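The structure appears below as structure tokens.
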Amino acid sequence: MDAKKYIYKFSEGNAKMKELLGGKGAGLAEMTSIGLPVPPGFTITTEACNEYYSNKKQFPEGLADSIADHIRDLEKETGKVFGGKDNPLLVSVRSGAVFSMPGMMDTVLNLGLTKETVEGLAHLTDNPRFAYDSYRRFIQMFGGVVLRMEHHEFEDILESWKKKQGVTLDMEMTADSLKNVADEYLKLVQERVGRPFPQDPKEQLFMAVEAVFSSWNNQRAITYRKINKIPDHLGTGVNIQSMVFGNMGNDCGTGVAFTRNPSNGNNELYGEYLLNAQGEDVVAGIRTPHPIADMKEDMPEIYTEFQKICHKLEEHYKDVQDIEFTIERSKLFILQTRSGKRTANAAVKIAHDFVAEGILSKEEAILRVEPDQINQIMHRRIDPDAHVEVLAKGLPASPGAASGKVVFDADQAEKQAADGTKVILVRPETTPDDIHGMVAAQGILTSRGGMTSHAAVVARGMGKPCISGCEEVKISLAAKEFTARGKTVRVGDIITIDGTTGQVSLGEAPMIDPVLTPEFIEILQWADDLRNLGVRANADTPDDARKARELGAAGIGLCRTEHMFFAADRLPVVQEMIMAETVEERRAALGRLLPFQQEDFEGILSAMDGLPVTIRLLDPPLHEFLPNLEELAVEITTLKLQDGNPAKIRELEALQRKARALAEFNPMLGLRGCRLGIIYPEVYRMQIRAILQATVRLLKKGSNPMPEIMIPLVGHEEELRINRDMVLDVVQEIEEETGIHCDYPIGTMIELPRACLVADEIARYADFFSFGTNDLTQTTFGFSRDDAEGKFLHRYVDDKILDNNPFAVLDRKGVGKLVETGVSLGRKQRPELKVGICGEHGGDPNSVEFCHLVGLDYVSCSPFRVPIARLAAAHAAINH
Ligand code: PEP
Ligand code: MG
């Protein structure tokens, strides 16, 4: 039997082999196959990595020999010799997983340099400074990545030699200094590792390959996979590629570029480059690079060639590309290309423009815009009319604005965020080790690095505001403060960052809501044509209703009426109603509430004129409208101690008695929802009357109000029958009083498991169902909605007991099964039954997909999630 093939030359693979070669390896192979100038090399498969793990961390059989064979081939192809003194072949060794994990795993550059080859390189390039710089960089990288040594120990040596030479920049160091640095590095390795630095290039290569395999399971890679839901079993490929040098003089350079602007989607080359530098200088943010447009002046021919390549790549991949390139002595090499991470605004503009340019179909374009990402567009920004005290300006690296307390390290960020504090992570630059702090922070501010620095790339991916390269900000990590424009900001002070403009300001700035771009509006219209699910909004005020309508809601799926009872002018009347000793007293108080309610409904129904508005009758237990028992006790005691007003004390004591009488051990399972309508029918009758009187008034004005009356928390069909009869009774009263016919749908929320199981019986009395999946999740899991998320659910998710928080993403297996049962029993009884969902899940893309699959008529979500739901519904329709 032939030995297993663990290695593919770039010329042997293609883009379809991503699983085997990793994204980067498949990309290099594909680029090679379409004729791009790629430095030659080969890829060790992800399978080899997985076998390395299943083989107790030993290379699978035949791998070492095959690596050696391929190096020989590479020698032939490049005319260079691995370990050769005269014309040494140097290689890069890079990780490359199936899904991009930027900066999470390890890379070694300049591998193959030894005491001998470094001399050869110096001679060959006539540039000893470059040779020794490459050598010392290599030892440092190899020391960190392979030998697990501390980065700062190398940095200390480098700094000490800069000092000795009296310079501040790496670039200013002489060949002799760098040679000394390399010698000291070698000594440091011997001291720390207890063996000399390997001087055999093949040994270096085997060790580096093993280190890359191991980096698949380093902490930051594991965290990144968890956040991005990348499976742990995929493994990484290892790409070994002949090195080209961007730091051989001023006809050399290196850079990274996007084929379009990843921040706003404009069709322009976007990126940065450095003359006379190696790739890591750009990515690590150590030197602040120049905008790519400068290359047009510096190297006009190469710029034109690069533009052509970008065009070719976009047409070939049908997507925006993120490209790494190097120029070695006026020859352009493409090192890497991959689909470019972009902000939501850019994703929308690019998808839209690609349709206009004939590269994508409308369906393809819609699928390119991730509903989850749309959260970004729906981000708030700083009110342009607000006065903010600008502290500094940096690069606008990831859009959106955020305020929070300043923290200077990732652990602190994580810790404080866990306690509910909003924080902004401020760092000189970030590294992959800071990833957990970036997850926890509202936004990120770095004093160094460019638009493609680690902080910038990761923040854009997370949809968080980020400002990078903000050099005005002078950070002292030791003192836990930074200064800018003469001001000192200490840890814990509040700042605001605006990642769209790059401005840092002091204090918490007022924010305003986002607006939709014309491109996004058009894509949403394409989505509307393709989707089957309707999208409504949950809104309780005319303002929210207007906002929802503007964002494309086709009505209100849930208008909660309890919020209307809390307004300052109403609460005392509500309390009077609750305190009433007799039905007459209660009716009197309700009579005073009625005009308020009628006005509320008129406002909402007219904001949604011509569209359905589902109004839910009162749902929460009444004690929620009374003062808290503990606060009452304190107030009464204080008044007594001060010999305060006896009448007031009596009044408070009465409230206290009533609050005690109404108190429940499990209020969520207590006297609430439709049970209120049965025990205190006067309350519901008032609400029904207010709805119908508002409707009649609007009808008389010539408007088209479309109310739907919804009874909450029904578990037994009798509960609904009684409440429905009450609605019909009030309808009859109103019709008699006004002579106007009031035939509007009467339906129920389905939010208890029993309701799902007997949905056929319930449907006898319902014109529509609306699944209240918040309560349904609570009652199905037996998780208290008010406690579980704060107390233990995060552990369930962290420990992977649950894949997701079921209050955010609908649990398809359990809650979903109940929903499905409810839909099918309900429609069996009443085929024309309208069915929607109004729990929080109505705006979650995954849950929206589920709603599409079980054939709901509509989802209803908060106004700002309406565009997300419209897009998610189209995705579901296209994908299924
Ligand atoms: C629900 O339970 O899903 C619902 C929408 O109602 P509320 O959140 O008001 O209980
Ligand atoms: Mg509910």
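What tally of residues in the range 785-796 results from selecting those that are away from ligand 1 (no atom under 16 Å from the Cβ) and surrounded by fewer than 16 Cβ atoms within 10 Å (Cβ to Cβ)?
From the range 785-796, those away from ligand 1 (no atom under 16 Å from the Cβ) are 790-796; that's our starting set.
Checking the rest, the ones that are also surrounded by fewer than 16 Cβ atoms within 10 Å (Cβ to Cβ) come to 790-792, 794-795.
Qualifying residue count for the region: 5.
Being acidic (Asp, Glu), within 16 Å of ligand 1 (Cβ to nearest atom) and not in a loop (DSSP other than H, G, I, E, B): is that true of Asp544 here? Write out each step before concluding.
Values: acidic (Asp, Glu): yes; within 16 Å of ligand 1 (Cβ to nearest atom): yes; not in a loop (DSSP other than H, G, I, E, B): yes.
It is true that Asp544 is acidic (Asp, Glu), within 16 Å of ligand 1 (Cβ to nearest atom) and not in a loop (DSSP other than H, G, I, E, B).
Of all the residues that make up the range 580-628, how many are assigned to a loop (DSSP other than H, G, I, E, B), within 16 Å of Asn704 (Cα to Cα) and within 16 Å of ligand 2 (Cβ to nearest atom)? Show your work before the answer.
Initially, the range 580-628 is screened for residues assigned to a loop (DSSP other than H, G, I, E, B), giving 580-582, 608-611, 617-621, 626-628.
Now narrow it down to the ones that are within 16 Å of Asn704 (Cα to Cα): 608-611.
Now narrow it down to the ones that are within 16 Å of ligand 2 (Cβ to nearest atom): none.
Qualifying residue count for the region: 0.
Residue check, Ile722 against (1) within 14 Å of ligand 1 (Cβ to nearest atom); (2) of a type in the set (A, V, I, L, M); (3) open to solvent by 20 Å² or more (accessible area, probe 1.4 Å), all met but one. Which one?
Single failed check for Ile722: (1).
Quick test for you: out of Gly782, Gly855, Gly814, pick the one residue that is free of Cβ contacts under 8 Å to residues at least 40 places away in the same chain, surrounded by fewer than 21 Cβ atoms within 10 Å (Cβ to Cβ) and away from ligand 1 (no atom under 16 Å from the Cβ). Reasoning before the result, please.
Details: Gly782 fails: away from ligand 1 (no atom under 16 Å from the Cβ); Gly814 fails: away from ligand 1 (no atom under 16 Å from the Cβ).
Of the residues listed, the single one that is free of Cβ contacts under 8 Å to residues at least 40 places away in the same chain, surrounded by fewer than 21 Cβ atoms within 10 Å (Cβ to Cβ) and away from ligand 1 (no atom under 16 Å from the Cβ) is Gly855.
Can you tell me which residue in the range 753-779 is farthest from Leu818 (Cα to Cα), limited to those that are among the aliphatic types (A, V, I, L, M) and buried (at least 22 other Cβ atoms within 10 Å of the Cβ)? Break it down into steps so the answer makes sense when it comes.
Pass one, the range 753-779, residues among the aliphatic types (A, V, I, L, M): 755, 757-759, 762-763, 766, 776.
Now restrict to residues that are buried (at least 22 other Cβ atoms within 10 Å of the Cβ): 755, 759, 762-763, 766, 776.
Details: Ala755: 9, Ala759: 10, Ile762: 14, Ala763: 15, Ala766: 18, Leu776: 9 Å.
Among residues in the range 753-779 that are among the aliphatic types (A, V, I, L, M) and buried (at least 22 other Cβ atoms within 10 Å of the Cβ), the one farthest from Leu818 (Cα to Cα) is Ala766.
Give Lys187, Lys164, Lys202 a once-over and let me know the one that is under 30 Å from Glu75 (Cα atoms), open to solvent by 20 Å² or more (accessible area, probe 1.4 Å) and in a helix (DSSP H, G or I). Step through it out loud before you land on a result.
Details: Lys187 fails: under 30 Å from Glu75 (Cα atoms); Lys164 fails: under 30 Å from Glu75 (Cα atoms).
Going through Lys187, Lys164, Lys202 in turn, the sole match is Lys202.
For the range 824-852, enumerate the residues that are closer than 11 Å to Ser770 by Cα and either open to solvent by 10 Å² or more (accessible area, probe 1.4 Å) or without any contact (Cβ under 8 Å) to a residue 40 or more places away in the chain (or both).
Answer for the range 824-852, where residues must be closer than 11 Å to Ser770 by Cα and either open to solvent by 10 Å² or more (accessible area, probe 1.4 Å) or without any contact (Cβ under 8 Å) to a residue 40 or more places away in the chain (or both): just Lys834.
Does the range 471-521 hold any residues that are surrounded by 16 or more Cβ atoms within 10 Å (Cβ to Cβ) and of a type in the set (Lys, Arg), and which are they?
Lys480
Being crowded, with 24+ Cβ neighbours inside 10 Å, away from ligand 2 (no atom under 16 Å from the Cβ) and not acidic (Asp, Glu) is the requirement here; does Cys861 meet it?
Details: crowded, with 24+ Cβ neighbours inside 10 Å: yes; away from ligand 2 (no atom under 16 Å from the Cβ): no; not acidic (Asp, Glu): yes.
Spelling it out, it is not the case that Cys861 is crowded, with 24+ Cβ neighbours inside 10 Å, away from ligand 2 (no atom under 16 Å from the Cβ) and not acidic (Asp, Glu).
Residue-wise test of (1) over 30 Å from Pro753 (Cα atoms); (2) within 16 Å of ligand 2 (Cβ to nearest atom); (3) part of a helix (DSSP H, G or I).
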position: Arg657; (1), (2), (3): yes, no, yes
position: Ile678; (1), (2), (3): no, no, yes
position: Gln687; (1), (2), (3): no, no, yes
position: Ile691; (1), (2), (3): no, no, yes
position: Gly702; (1), (2), (3): yes, no, no
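How many residues are more than 15 Å from Glu708 (Cβ to Cβ), surrounded by fewer than 22 Cβ atoms within 10 Å (Cβ to Cβ) and out of contact with any Leu (no Cβ under 7 Å at 6 or more places or on another chain) when one looks only at the range 552-564? Even if it seems obvious, please write down each step before you answer.
Keep residues of the range 552-564 that are more than 15 Å from Glu708 (Cβ to Cβ), which gives 552, 562-564.
Among the residues that remain, those that are also surrounded by fewer than 22 Cβ atoms within 10 Å (Cβ to Cβ) are: 552, 562-563.
Going one step further and asking which of them are out of contact with any Leu (no Cβ under 7 Å at 6 or more places or on another chain), we end up with 563.
Qualifying residue count for the region: 1.
Among the residues that make up the range 705-714, is at least one of them in contact (Cβ under 8 Å) with a residue 60 or more places away in the chain, over 19 Å from Ile750 (Cα atoms) and in a helix (DSSP H, G or I)?
Scanning the range 705-714, I find no residue that is in contact (Cβ under 8 Å) with a residue 60 or more places away in the chain, over 19 Å from Ile750 (Cα atoms) and in a helix (DSSP H, G or I), so the answer is no.
State which residue pairs qualify: first residue farther than 24 Å from Gly836 by Cα and inside the range 592-618, second residue within 16 Å of ligand 1 (Cβ to nearest atom) and at pLDDT 95 or above in any location, beta carbons under 7 Å apart, and separation of 6 or more residues or different chains.
Correct list of pairs: Gln597/Gln687.
Out of the range 729-779, which residues are of a type in the set (Lys, Arg) and either free of Cβ contacts under 8 Å to residues at least 24 places away in the same chain or away from ligand 1 (no atom under 16 Å from the Cβ) (or both)?
Filtering the range 729-779 for residues of a type in the set (Lys, Arg) gives 754, 764.
Hit for the range 729-779 is Arg764, nothing else.
What number of residues within the range 208-246 satisfy the criterion of being of a type in the set (A, V, I, L, M) and in a helix (DSSP H, G or I)?
7
The values are calculated or read from the model by the stated rules, or taken from the named source; none is laboratory data. Remember, predicted model here, so these are calculated numbers, not experimental data. Heads up, the Cβs are rebuilt from the backbone with ideal geometry, glycines too, and the neighbour counts pull from every protein chain shown. These accessible areas exclude ligands, DNA and RNA; they are computed on the full protein's heavy atoms, side chains included. Shrake-Rupley method; radii C 1.70, N 1.55, O 1.52, S 1.80 Å.
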